[in-house]
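To keep things clear, I will list the structure first and then write my remarks on it.
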Amino acid sequence: MKEFFELNKPYKFDVTDLTALIYVIAAILGVMGINPTIPFLIGATISTAFCWQAHKINLVVLNLALWVMNMWSLVAYLQ
(Lines give C-alpha, C1' and ligand atoms only; values in the text may rest on other atoms or scores of the structure.)
Protein backbone atom coordinates (compact mmCIF):
# COMPACT_ATOMS: atom_id res chain seq x y z
CA MET A 1 0.00 0.00 0.00
CA LYS A 2 2.80 2.42 0.89
CA GLU A 3 4.59 1.71 -2.38
CA PHE A 4 1.41 1.91 -4.49
CA PHE A 5 0.64 5.42 -3.21
CA GLU A 6 4.37 6.29 -3.07
CA LEU A 7 4.17 7.11 0.63
CA ASN A 8 7.75 5.92 1.03
CA LYS A 9 9.05 8.96 -0.90
CA PRO A 10 9.28 12.62 0.17
CA TYR A 11 6.10 14.62 -0.38
CA LYS A 12 5.96 16.53 -3.66
CA PHE A 13 3.20 19.13 -4.15
CA ASP A 14 1.06 18.66 -7.24
CA VAL A 15 -1.82 20.70 -8.67
CA THR A 16 -4.12 17.76 -8.00
CA ASP A 17 -3.43 18.30 -4.30
CA LEU A 18 -4.89 21.79 -4.61
CA THR A 19 -8.00 20.58 -6.42
CA ALA A 20 -8.45 17.78 -3.89
CA LEU A 21 -8.33 20.35 -1.08
CA ILE A 22 -10.85 22.56 -2.90
CA TYR A 23 -13.18 19.56 -3.42
CA VAL A 24 -12.92 18.59 0.27
CA ILE A 25 -13.82 22.15 1.28
CA ALA A 26 -16.73 22.11 -1.18
CA ALA A 27 -17.97 18.78 0.19
CA ILE A 28 -17.81 20.10 3.76
CA LEU A 29 -19.75 23.21 2.71
CA GLY A 30 -22.37 21.00 1.05
CA VAL A 31 -22.76 18.89 4.19
CA MET A 32 -23.17 22.10 6.19
CA GLY A 33 -26.02 23.14 3.90
CA ILE A 34 -24.05 25.85 2.08
CA ASN A 35 -24.12 25.83 -1.72
CA PRO A 36 -20.75 24.31 -2.82
CA THR A 37 -21.13 25.18 -6.52
CA ILE A 38 -18.48 27.90 -6.69
CA PRO A 39 -15.66 25.86 -5.07
CA PHE A 40 -16.54 22.87 -7.26
CA LEU A 41 -16.50 25.17 -10.32
CA ILE A 42 -13.08 26.53 -9.34
CA GLY A 43 -11.75 23.00 -8.83
CA ALA A 44 -13.11 21.81 -12.17
CA THR A 45 -11.58 24.83 -13.93
CA ILE A 46 -8.15 24.22 -12.42
CA SER A 47 -8.34 20.50 -13.17
CA THR A 48 -9.43 21.07 -16.76
CA ALA A 49 -6.56 23.48 -17.41
CA PHE A 50 -3.90 21.17 -16.02
CA CYS A 51 -5.33 18.02 -17.60
CA TRP A 52 -5.32 19.87 -20.93
CA GLN A 53 -1.62 20.68 -20.46
CA ALA A 54 -0.94 17.03 -19.59
CA HIS A 55 -2.74 15.87 -22.77
CA LYS A 56 -5.13 13.63 -20.79
CA ILE A 57 -8.29 13.66 -22.94
CA ASN A 58 -10.30 11.42 -20.61
CA LEU A 59 -9.67 13.75 -17.66
CA VAL A 60 -10.37 16.82 -19.78
CA VAL A 61 -13.74 15.34 -20.76
CA LEU A 62 -14.51 14.43 -17.13
CA ASN A 63 -13.58 17.86 -15.81
CA LEU A 64 -15.43 19.69 -18.57
CA ALA A 65 -18.53 17.67 -17.68
CA LEU A 66 -18.08 18.66 -14.03
CA TRP A 67 -17.58 22.28 -15.09
CA VAL A 68 -20.77 22.30 -17.19
CA MET A 69 -22.77 20.60 -14.42
CA ASN A 70 -21.58 23.14 -11.85
CA MET A 71 -22.12 26.10 -14.16
CA TRP A 72 -25.67 24.84 -14.73
CA SER A 73 -26.13 24.57 -10.97
CA LEU A 74 -24.75 28.07 -10.42
CA VAL A 75 -27.08 29.61 -13.01
CA ALA A 76 -30.05 27.79 -11.46
CA TYR A 77 -29.00 28.92 -7.97
CA LEU A 78 -28.68 32.56 -9.02
CA GLN A 79 -32.16 32.69 -10.58
#### Entry: Out of I42, I22, sole residue that is touching a Gly at 6+ places or on another chain (Cβ under 6 Å) and of a type outside the set (K, R)
I22
### Every residue from the range 38-70 that is of a type in the set (G, A, S) and either in contact with a strand residue (DSSP E or B) (Cβ under 6 Å, 6 or more places away or on another chain) or touching a residue at least 12 places away in the same chain (Cβ under 8 Å) (or both)
G43, A44, S47
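Let's see how each residue does on (1) at negative phi; (2) touching a helix residue (DSSP H, G or I) at 6+ places or on another chain (Cβ under 9 Å); (3) open to solvent by 50 Å² or more (accessible area, probe 1.4 Å); (4) part of a helix (DSSP H, G or I):
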residue: F5; (1), (2), (3), (4): yes, no, yes, no
residue: N8; (1), (2), (3), (4): yes, no, yes, no
residue: T16; (1), (2), (3), (4): yes, yes, yes, yes
residue: I22; (1), (2), (3), (4): yes, yes, no, yes
residue: L29; (1), (2), (3), (4): yes, yes, no, yes
residue: S47; (1), (2), (3), (4): yes, yes, no, yes
residue: W67; (1), (2), (3), (4): yes, yes, yes, yes
residue: N70; (1), (2), (3), (4): yes, yes, no, yes
### Task
Scan the range 18-37 and report the pairs whose first residue is under 21 Å from V75 (Cα atoms) and whose second residue is among the β-branched types (V, I, T) and open to solvent by 70 Å² or more (accessible area, probe 1.4 Å), with Cβ atoms within less than 7 Å and a gap of 6+ or a chain change.
I22/I42
### Query
Out of all the residues in the range 49-65, which are among the hydrophobic types (A, V, I, L, M, F, W, C) and part of a loop (DSSP other than H, G, I, E, B)?
A54
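The values are calculated or read from the model by the stated rules, or taken from the named source; none is laboratory data. Only a predicted model underlies this, so the values are computations on that prediction, with no experimental measurement involved. So basically every Cβ, Gly included, is an ideal-geometry build from the backbone, and we count neighbours across all protein chains shown. We work out accessible area using only protein heavy atoms, side chains counted, and drop any ligands, DNA or RNA first. Shrake-Rupley method; radii C 1.70, N 1.55, O 1.52, S 1.80 Å.
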